[in-house]
Amino acid sequence: MAGTHRPARPDGPPAPRCGHLRRALGRERNPLGRALDRARSRAVVLTVLGIALAALLGTGAAVTLLADGRRQAEATAARLHRVEASVQGSVRQAESTVAGGKAVYRADAAWTYPGNQRNTGSIDVPRTTGPGATVGIWVDRDGHPAAAPPSTAGLVFDAVFPGLFLFGLLSVLAAAGLCARLTAIDRRADLAWTRSWARLEPAWSGRTRRGNHHG
């Protein structure tokens, strides 16, 4: 006689999104609802709340960084001045390059600041700049060339990127926690189903009746 086959453990239909919330709160009107089902729904709801919290934290971090960056940029701009420099020589490629490997070109130039004080030096210029051309540069209070204040686009990038990174990191941690929790719940469900099957299988398959008859 063929061996007795164990029926598959019933999983039930997937719960709708709002069903997870009702089930997690214990408000689902389902007589077949199990404690393990409620545990699954609570894990899903907590993960959604965790991701929402991650979004709030990431947004808050981005807003804070942007505000700080703007204050620092304004403070930097207050110490600098924009002047026009006259290119005095030919353009040459600098030995150093900016991030990304883009070539930097420099040329000797002269400008007047502060007041009528004449200053000369080497400044960054576009590649196509020729002698006698005028280039706008930033200088400090003593008339020395200085780096330009951060642009709005740069400030936004410097603020948004860390915010997105924080949101992504916390979301991944929340998703990993959900996977671990659901795996543990599934193991408990399988163990409970195995125990129930070991208790009910003899009567379900008729082995108990056959054993009593032979006895």
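We did not get these values from a lab; they are worked out from the coordinates using the rules stated. As the structure is a computational prediction, the values presented were derived from the model and not from experiment. With ideal geometry, Cβ positions are generated from the backbone for all residues, glycine too; neighbour counts draw on all protein chains shown.
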nm² value of the averaged projected area, convex hull over the Cα atoms of the range 54-200: 14.0
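On a full-extension model of 0.36 nm per residue, what is the gain between Ala78 and Leu46, subtracting their alpha-carbon distance, rounded to one decimal in nm? The partial results should precede the final answer.
Numbers: separation 32, 0.36 × 32 = 11.52 nm, distance 4.78 nm.
Working it through step by step, the gained length comes to 6.7 nm.
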Separation of the Arg92 and Arg195 label points, Cα + 7 Å toward Cβ, nm: 8.4
Amide H contacts of Gly121 (H built 1.01 Å from N, under 5 Å, at least 5 apart or other chain): Ala109
Spacing of the two label points (7 Å from each Cα toward its C-beta) at Thr134 and Val172, in nm: 5.2
Surface/4 estimate of mean projected area, convex hull on alpha-carbon atoms of the range 81-148, nm²: 4.5
Relative contact order computed over the range 81-148 (Cα-Cα under 8 Å; 6+ residues apart), in percent: 38
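DSSP loop (so not H, G, I, E, B), at most 15 other Cβ within 10 Å: list which trypsin sites (Lys or Arg not before Pro) in the range 81-170 pass both filters.
Counting only loop positions with at most 15 other Cβ atoms within 10 Å, the trypsin sites (Lys or Arg not before Pro) in the range 81-170 are Lys102, Arg127, Arg141.
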